[in-house]
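Encoded as structure tokens, the structure appears first; notes follow it.
FYI, it's all coordinate maths here, none of it is from the lab. Given the structure is predicted, the values throughout are model-derived calculations rather than measurements. Ideal geometry is used to build each Cβ from the backbone, glycine not excepted, and the neighbour counts take in all protein chains shown.
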Amino acid sequence: MPGLEFSSNWKILQARLEAGKKAEAKINGGVKRKRPADPKSTRPRPYSRGPKATGDNSIPLTKKRKMGSYISSDSAPAERHATLARDHDIDPSDIHAAFDRPPVSNAKVLPNDARDDEINAGLHPTNKPGKYLSLDCEMVGTGPPPHADHLLARVSLVNYHGQQIYDSYVQTPAGTKVTDYRTSVSGIRPHHLIPGTARPFAEVQRTVSDLLETRILVGHALKKDLEVLELKHRPRDVRDTSRYSGYRIESKGKPPALRKLAASELGWQIQEGEHSSIEDARAAMGLFRKRKGEIEGEVVRKYGKGGPGAGRKKGGEVKAATAELGDDVEDEDDEEEEEDEELETLDGEDDDVTSQPGPAQAKKKRKKKKNTRRK
């Protein structure tokens, strides 16, 4: 700008800068040249496994975790352990002991829904029975009013994880007339029990017997179920949740209804209309799993230690110490007779079926039942 004067110091600084530029241009011949490349730098860079960011939009492969933060990948082992428990029928508590992780909850492994249920599918082709099987049956009424005689109409089995193992309708035997299908609670209709849809009783009985052999039977009020199947099971291998003392507290010592226990203990709503034997078997297994330690403790105190089929030799033979299995079964029957009236009340609660035996009803001769063990 005209009239603007610079200080003497500013003029001296400008002169020195100009002199420096001229000296540099003289040395380089007035042309800027690139520095020759170092031969060592032409070698390929070693492969790096770490994250590489080349721009603003690059995404790092890993993120640095802050202290105390949660990484979502930590849930992967829990999912793998749940799959391991389900696919190989391993007790979640055993997985907990092996991997030091909490056992998987009933809600994840034992769903109470019918998404995977295949009605009347027979033996499931892929699901594995495992050590524990839960049984439930649907029955229809025969005989004169009040149709108190029970006849097997459907049978279901689920494994420890609630997966369906077996489900079948059962044909009505020739010469037997069903007088009450109890459809409102049993879900059974006449066309379910005809040949071509239902399986013969002998076939169903044999399949169930084979499945239960050497396994622990779980269920709720199993006495009636075994009666209509005409089967017996080794008492020490039965886990009847209606007999567990811890579940009888609210009912003041009486056998509690499965519907009420499922609601109070599992938060499940079942038997709100037509019953599903698969759903009921699954609920019984859920109740067993919730108090497994206490229920097993009661069994040990009553029968001593021993796994399913304890004392059984290969080929179905039984050791001398347990050869008198029939005596054990009869002793259990004697104890069950003391609870017959309570169990009749329980059946009425669960099935909304009332039975009022008249004075003309004579005591029925007990049928000889087939043991689930082979001789």
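Annotations for the structure displayed:
- Backbone HN-Hα couplings from phi across the stretch 197-206 [Karplus 6.51/-1.76/1.60, Hz, Gly and Pro as x]: 10, 8, 9, x, 4, 4, 5, 5, 4, 5
- The stretch 105-306 - percent relative contact order, Cα under 8 Å, separation 6 or more: 24
- Taken along its principal axes, the alpha carbon cloud of the stretch 235-299 reaches lengths of 34, 25, 19 Å, longest axis first.
- For the stretch 213-228, 3J(HN,Hα) computed residue by residue from phi via the Karplus equation (6.51, -1.76, 1.60; θ = phi - 60°) reads 4, 6, 10, 8, 9, 10, x, 10, 6, 6, 4, 5, 4, 5, 5, 6 Hz, glycine and proline entered as x.
- Cα convex hull volume per residue for the stretch 105-306 (Å³): 126
- Packing, as the average of other Cβ atoms within 10 Å across residues, places the peptides 175-181, 219-225 in the order 219-225, 175-181, highest first.
- Secondary structure note: in the stretch 105-306, about 70% of the DSSP beta bridges are antiparallel.
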